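Data block below; observations after.
The values are calculated or read from the model by the stated rules, or taken from the named source; none is laboratory data. From a predicted model like this one, the values you see are computed outputs, not experimental measurements. Here the Cβ positions follow ideal geometry from the backbone for every residue, glycine too, while neighbour counts run over all protein chains shown.
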Amino acid sequence: MHIPDGYLSPETCAVLYAAAAPFWVVALRRIKRLLNTRMVPLLSVFAAFSFVIMMFNIPLPGGTTGHAIGVGIAAVVLGPWGSMLAISVALLIQALFFGDGGITAFGANSFNMAIVGSLVATAVYRVVGRGAEITATRRVAAAGLAGYAAINAAAFLASIEFGIQPLLFHDASGAPLYAPYPLAIAIPAMMIGHLTIAGIAELIAAGGVVAYLQRSNPSLLKFTAPDAPELDSTRVRTPRSMRPLWIGLAALMILTPLGLLAAGTAWGEWSANDLADPAAREHITTVSQGQAPPSAPPEGLARLSEIWTAPIPDYAPAFLSSPAVGYVLSAMFGSGLVILVTTFVGWLFGRRREKLTTTTPIE
Amino acid sequence: MNKTTSAKSRRHSGTFVERTLTGLVRKTERALFAEEIARADGLLQRLDPRVKIVGLLSLVVTVTLSRNLFTILSVFALGVILAVLSKVPVRELALRIWLSALFFTGAIAVPVLFITAGEPLLRIPLIGWTITAQGLTSALYLTSRVEATATLSILLVLCTSWSSVLKGLRVLHVPVVFVVILGMTYRYIFVILETARDMFEARRSRLVGRLDGRERRHIAAGSIGVLLTKSFYLHHEVFLAMQSRGFRGEVYVLDEFAMHSRDWLALAGFAVLVGAAVWLGRQESLQTLLNLS
């Protein structure tokens, strides 16, 4: 999700730098007041830790692996302000020294992942984990969901930033100057990958680390959970199943208000039918600064729309009249499909390996 | 344990532990490669870091500002010339930067060729899809911009030692405390990278049985947890070490840079190039030169 240079217009980059700046200032002030002389070493080491975490391959269900940003872990351990500073520093080092993410887009990347990500993660962790003991399973679920929600919020913001580029910036001939896909493509394209692979990687990383710290070093979790009841050291905690986490994930998918912003037809995304419909033609003319659309659909468009009828046209099954419901269902269906396919492929490969080994003679 | 089981376990446990290990090693190598080039005696290496930061970053901004392909490609060519004059191996640049950017952004840009409305340019035989002039232009905008900006920003770190880059950031009014945090972060990245590498190597050498998905996730999350705990101890030790040397919360950076006449000359050169590129980039008439629409 690290946006490189060249995908966003300088105007968008400037706006996002300006949006990120006050958060950096406030975060720096708060952390300085809280930690005083300890701030510099703590932020440095934690930023370095976040940087290294971004390179870990997290094994996902189905046999694939994914990368986590670590914003869920950072927010749970450091709180929102420390987390946004540490992740921003890690992102800046990535952009400056390793070419991951652009320098002009650093403001955008920080705003999406470090700032909004940390705030969302903190909010989810506080709400879900409220009042739970430090060693409660609910805290594991809360951290996992916090990571999942944070990464998806960040991806959603990035997809909106991509999606508005072709609406606002094109050259004289009409060719988009920066990221070329409109909202209706950018949002699903970004979200499907993040609701599944990247989201689950973040969920496993954050939830798993909290579960580990509960067993080995619960004091590290106390900073962001001052309301947690005192630890009962005599009680032995048995590891419980991760089922609540998966249920929470399913609930989150249902609640995702994905694509609601993109309801209606985006500029330049007219179908062949729209060009024939008088009402739609009038709408196109008004939004195109008085330029009337061609009377007949271009040959290429007509041909394309014949060849490629997507299984889910306009991301909504025909029998659903409400575009919002259809959109959310399509998103869930899309994410479910990806999970299903990866699980199936993983199972297939697992079976093949088993077959291979059973047919080999055992010495 | 029989032979087949051990072969199987190697394959299975290998996947994520080994992939992570390779990633960690590659990151370290890349940083070492950069430090090596930064010590070479080339054009950019001889300049004051502040001039390089201001000059190269301004060129990156002009690439994103430009509204025609001619300017973007010219600045890209300028980046390549600067790389050659600074003894950056072009082969390495092509493999590490250009190819990876081309694969990533190129893959993203392919559908644009067909879905952008505009004048038809070429019809692919058999499937009958039409490439539009606007689609092709848009795909070229995206890829050339990404290539040009990636080249310029990598030149900065390849031709400057990291400590100078960080100190040079002061000219962009980055607060001193951030510069110090960035410097320490960069330093401790390698400490933590090494710790992580040792952990994964130790884990790999002890793995013989087959791990199922649940166990693999446990190991991954556990490793992150251990690393987090170690990082906390590390920060505490660093803090005590700083305190014992008199650290009271205020940070200072030694400003040892001095501008020589060639730095002023280079700054003027960058100013002229950036000015010319900004002016050229605004000329929509230049589109006819390279644009296909």
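Summary of values
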quantity: Some residue of the range B:276-288 being polar (S, T, N, Q), touching a residue at least 60 places away in the same chain (Cβ under 8 Å) and within 8 Å of chain A (Cβ to nearest Cβ); calculated: yes
quantity: All positions within the range A:142-170 that are within 14 Å of chain B (Cβ to nearest Cβ) and more than 22 Å from A:I3 (Cα to Cα); calculated: A:A143, A:G144
quantity: Hits in the range A:75-107 (condition: hydrophobic (A, V, I, L, M, F, W, C), over 20 Å from the mean Cα position of the chain (by Cα) and assigned to a loop (DSSP other than H, G, I, E, B)); calculated: A:I103
quantity: Options A:A121, A:A95; residue that is among the small types (G, A, S) and away from every other protein chain (no Cβ under 11 Å); calculated: A:A121
quantity: Evaluation of A:L119 against (1) surrounded by 24 or more Cβ atoms within 10 Å (Cβ to Cβ); (2) more than 25 Å from B:S66 (Cα to Cα) (one fails), failing number; calculated: (1)
quantity: From the options B:T149, B:T160, B:T132, residue that is of a type outside the set (D, E, K, R) and more than 22 Å from the chain's Cα centre (by Cα); calculated: B:T132
quantity: Filter pass, B:T15 being at pLDDT 85 or above and either away from chain A (no Cβ under 13 Å) or assigned to a helix (DSSP H, G or I) (or both); calculated: no
quantity: Enumeration of residues in the range B:41-83 that are among the hydroxyl-bearing types (S, T, Y) and in a helix (DSSP H, G or I); calculated: B:S58, B:T62, B:T64, B:T71, B:S74
quantity: Lone qualifier among A:F49, A:F56, A:F98, A:F106 - being under 30 Å from B:I37 (Cα atoms) and touching a Lys or Arg at 6+ places or on another chain (Cβ under 8 Å); calculated: A:F98
quantity: Residue check for A:L96: in the same structural domain as A:Y212 (by TED's automatic domain parsing), surrounded by 24 or more Cβ atoms within 10 Å (Cβ to Cβ) and either out of contact with any strand residue (DSSP E or B) (no Cβ under 8 Å at 6 or more places or on another chain) or of a type outside the set (D, E, K, R) (or both); calculated: no
quantity: Index of the failed condition, A:D171 passing every other in (1) buried (at least 19 other Cβ atoms within 10 Å of the Cβ); (2) touching a residue at least 24 places away in the same chain (Cβ under 8 Å); calculated: (2)
quantity: Hey, A:G72 under 18 Å from the mean Cα position of the chain (by Cα) and either among the aliphatic types (A, V, I, L, M) or under 19 Å from A:E202 (Cβ atoms) (or both) or not; calculated: yes
quantity: Any hit, the range A:35-43, residues being at the interface with another protein chain (Cβ under 7 Å from one of its Cβ atoms), under 25 Å from the mean Cα position of the chain (by Cα), more than 21 Å from A:H2 (Cβ to Cβ) and not charged (D, E, K, R); calculated: no
quantity: Close pairs from the range B:26-42: first at positive phi, partner surrounded by 11 or more Cβ atoms within 10 Å (Cβ to Cβ), Cβ under 9 Å, at least 6 apart; calculated: none
quantity: Qualifying residue in the range B:227-244 (condition: among the β-branched types (V, I, T), within 11 Å of chain A (Cβ to nearest Cβ), over 28 Å from B:R170 (Cα atoms) and in a helix (DSSP H, G or I)); calculated: yes
quantity: Flag if A:M1 is at pLDDT below 90, under 13 Å from A:A108 (Cα atoms) and not polar (S, T, N, Q); calculated: yes
quantity: Contacts under 8 angstrom Cβ, first residue in the range B:187-210 being of a type in the set (A, V, I, L, M), partner exposed (fewer than 14 other Cβ atoms within 10 Å of the Cβ) and in a loop (DSSP other than H, G, I, E, B), 6 or more apart; calculated: B:V208/B:M1
quantity: Candidates A:G147, A:G208, A:G163, filtered to the one that is at pLDDT 90 or above and in contact with an Asp or Glu (Cβ under 6 Å, 6 or more places away or on another chain); calculated: A:G147
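Matching residues to (1) surrounded by fewer than 20 Cβ atoms within 10 Å (Cβ to Cβ); (2) at pLDDT 90 or above; (3) not in a helix (DSSP H, G or I):
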| site | (1), (2), (3) |
| --- | --- |
| B:T185 | no, yes, no |
| B:F190 | yes, no, no |
| B:E194 | yes, no, no |
| B:R204 | yes, no, no |
| B:V208 | yes, no, yes |
| B:L211 | yes, no, yes |
| B:R214 | yes, no, no |
| B:R217 | no, no, no |
| B:I224 | no, yes, no |
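Yes/no matrix, rows are residues, columns are (1) at pLDDT 85 or above; (2) within 14 Å of chain B (Cβ to nearest Cβ):
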residue: A:M55; (1), (2): no, yes
residue: A:G63; (1), (2): no, yes
residue: A:A68; (1), (2): yes, yes
residue: A:V77; (1), (2): yes, yes
residue: A:V127; (1), (2): yes, no
